[in-house]
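Asker: Take this structure first; my questions come after.
What follows is calculated from the coordinates using simple rules that are stated; it is not laboratory data. Because the structure is predicted, anything quoted here is derived from the model rather than measured. When we count neighbours, we look across all protein chains shown, and the Cβ atoms used for this are built from the backbone with ideal geometry, even at glycine.
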Ligand code: NIG
Ligand code: FE
């Protein structure tokens, strides 16, 4: 297997405290990094760099782990720019538009969905994302959700069943019937295709009790859990996520002191999605309170046509720094190692020895430029670790 050396790295972020400066960022200056195209083999000073089959002199650039986008609704058809315009003119977001995307997605062929999603994945990769979670949730029928879970698994690195996105239109007068369908037949069809189940637990979607029922069934089916919570109000979803031991609770826009306390004393990651607050003109989540209390924070795009048609993790980082008062380092960590923690992965989001060789070279001398120069394409190159047989990722979450 040929080895590959990144040499003359001005600022290397490994997110591995055992490397470099001993901080959580595991930072080295004038560094080099050796991989075999699959894993990181060696990290150290440029002056000590070993010989390699291929050498890539990055001439003082910053190098970071590829971004881990741990929350996307990537597979959908259509768009809702008119809704965005209405919101910018003063309208409120209440989740009502999801039904439009459900209709468009049901009407699309699998090939159309795959093509549209691949285009968005390509944008993500160009912006430095090397690991992507993808949710179902825009068909809300047994066969439709099964198709979306299959696409999520084929296209991404971690697939999530979100049959409990909103109540399907056919069940508008029978909520309980829909919850039973999701927790029963739909879950049985989708569970073999995914690693995670998610529920939108919020005003206008599912109550805490309904969400608890779906999550318990998903857990019994062997899935790990995620929850969309407290996006539209203080609806109790964060407490539920901690109670059921979810890997992540996402949005966290409206939190009280008890939510922050619960998150800081649990292993549930708080995943913040400031693209959604940007595009719904909502208050940003209290990232500082979470970080200061010791909670683990992740950042993700929430890529979806309603609340956050965003594919760029650098844009999310810029929002986190400017609007949520995260430091540039906290935001970078949250977009890489934090996302990995939200997906319960330890092999991505860092560049210590043994990690996957997902290496992003920036067109900048420091990673802080990601927030400092918003809107500029600062990703010079992306090396994604080789995939296993059949083009499938050999990591957990890809193959359930
Ligand atoms: O994460 N909150 C629920 N789901 C998406 C939005 C879905 C939509 O509006 O299409 C979100 O914001
Ligand atoms: Fe979402």
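Asker: With a 10 Å cut-off between alpha carbons and a GNM built on the chain, which of 81, 248, 312 moves the most?
Answerer: Per the Cα network of the chain with a 10 Å cutoff, 81 tops the list.
Asker: Computed FRET efficiency, Cβ-Cβ of residue 51 and residue 176, R0 56 Å: what is it to the nearest 0.05? Spell out each step's value before the answer.
Answerer: On the way: r = 66 Å, r/R0 = 1.18.
Taking R0 as 56 Å, the efficiency between residue 51 and residue 176 is 0.25.
Asker: Less than 18 Å from a label point 7 Å out along the Cα-to-Cβ axis of residue 376: which backbone N atoms in the range 54-72 qualify, by residue?
Answerer: The answer is 59-64.
Asker: In a Gaussian network model over the chain where Cα atoms closer than 10 Å are linked, find which of 291, 121, 255 has the largest mean-square fluctuation.
Answerer: 291
Asker: Can I ask one more? Which whole-number percent is the relative contact order of the range 212-339 (Cα, under 8 Å, 6+ apart)?
Answerer: Computed value for the range 212-339: 18 percent relative contact order.
Asker: When N counts the residues of the chain, how does its alpha-carbon radius of gyration compare numerically with 2.2 N^0.38 Å, as a ratio? It would help to have the intermediate numbers written out before the result.
Answerer: Values: Rg = 20.4 Å, N = 400, 2.2 N^0.38 = 21.4 Å.
This ratio for the chain stands at 0.95.
Asker: Per residue of the chain, what 222 nm ellipticity follows from adding -39500 (n - 2.57) for every DSSP H run with n ≥ 4, rounded to the nearest 500? Could you put the intermediate results ahead of the total?
Answerer: Working: 15 runs with 131 residues, N = 400.
Theoretical 222 nm ellipticity from helices: -9000 deg cm²/dmol.
Asker: Next up: Sort 23-33, 269-279 by packing, meaning the average of other beta carbons within 10 Å per residue, with the highest value first. It would help to have the intermediate numbers written out before the result.
Answerer: Working: 23-33: 20.2, 269-279: 26.2.
The most tightly packed comes first, giving 269-279, 23-33.
Asker: Connecting C-alpha atoms closer than 10 Å in a GNM of the chain, tell me which of 200, 67, 122 has the biggest fluctuation.
Answerer: 122
Asker: In degrees between 0 and 90, to the nearest 10, how far off the longest principal axis of the chain does helix 208-220 point, with axes built from Cα atoms?
Answerer: 60 degrees
Asker: Ranked highest first by average number of other Cβ atoms within 10 Å, how do 38-49, 214-225 line up? Spell out each step's value before the answer.
Answerer: Details: 38-49: 16.2, 214-225: 19.2.
Ranked from most to least packed, the peptides come out as 214-225, 38-49.
Asker: Another question about this same structure. I need the shape label for the range 163-210. Rule: rounded when a/c is under 1.5, else prolate if a/b > b/c, else oblate, with a, b, c from the alpha carbon gyration tensor. Working shown, then result.
Answerer: Working: a/c = 2.24, a/b = 1.40, b/c = 1.59.
Oblate is the answer for the range 163-210, as a/c is 1.5 or above yet b/c matches or exceeds a/b.
Asker: Report the label-to-label distance for residue 281 and residue 325 in nanometres (one decimal), using points 7 Å from each Cα along the Cα→Cβ vector.
Answerer: For residue 281 paired with residue 325, the spin-label model returns 2.4 nm.
Asker: With a cut-off of 8 Å between alpha carbons and a minimum separation of six or more residues, what is the relative contact order of the chain in percent? List each step's numbers first, then the result.
Answerer: On the way: 1000 pairs, mean separation 79.7, N = 400.
That works out to 20 percent.
Asker: Which distance in nm do the two modelled labels at residue 221 and residue 264 give, with both placed 7 Å along the Cα-to-Cβ direction?
Answerer: About 3.6 nm separates the two model spin labels.
Asker: May I ask you to compute the full-extension gain from residue 346 to residue 115, defined as 0.36 nm times their residue separation minus their alpha-carbon distance, rounded to one decimal in nm?
Answerer: Details: separation 231, 0.36 × 231 = 83.16 nm, distance 3.03 nm.
Separation in residues times 0.36 nm, less the Cα-Cα distance, equals 80.1 nm.
Asker: So if I restrict to the alpha-carbon atoms in the range 117-260, what is the Rg, and what is Dmax, the biggest pairwise distance, in Å?
Answerer: That works out to 14.9, 44 Å for Rg and Dmax.
Asker: Something else about it: Could you give the length gained by full extension between residue 143 and residue 366, i.e. 0.36 nm per residue of separation minus their alpha carbon distance, to one decimal place?
Answerer: Working: separation 223, 0.36 × 223 = 80.28 nm, distance 4.72 nm.
Going from the current span to full extension adds 75.6 nm.
Asker: For the residues 235, 311, 143, what sequence is obtained by ranking on other C-beta atoms within 10 Å, fewest first? Present the calculation step by step, with values, prior to reporting the outcome.
Answerer: Numbers: 235 21, 311 24, 143 10.
Fewest to most other Cβ atoms nearby, the residues stand as 143, 235, 311.
Asker: Right, something else. Return 68, 297 ranked ascending by Cβ neighbour count within 10 Å, so the fewest neighbours appear first.
Answerer: Details: 68 31, 297 26.
Lowest count first: 297, 68.
Asker: Kindly express, to the nearest 10 degrees and within the range 0 to 90, the angle between helix 313-324's C-alpha long axis and the longest C-alpha principal axis of the chain.
Answerer: Computed tilt is about 80 degrees.
Asker: While we're here: Most exposed first by the Cβ proxy, i.e. fewest other Cβ within 10 Å, how do 71, 165 rank? Could you put the intermediate results ahead of the total?
Answerer: On the way: 71 32, 165 26.
Result, fewest neighbours first: 165, 71.
Asker: Enter the Cα centre distance for the pair the range 326-342 and the range 36-115, rounded to the nearest angstrom.
Answerer: Comparing the Cα centres of the range 326-342 and the range 36-115, I get a distance of 15 Å.
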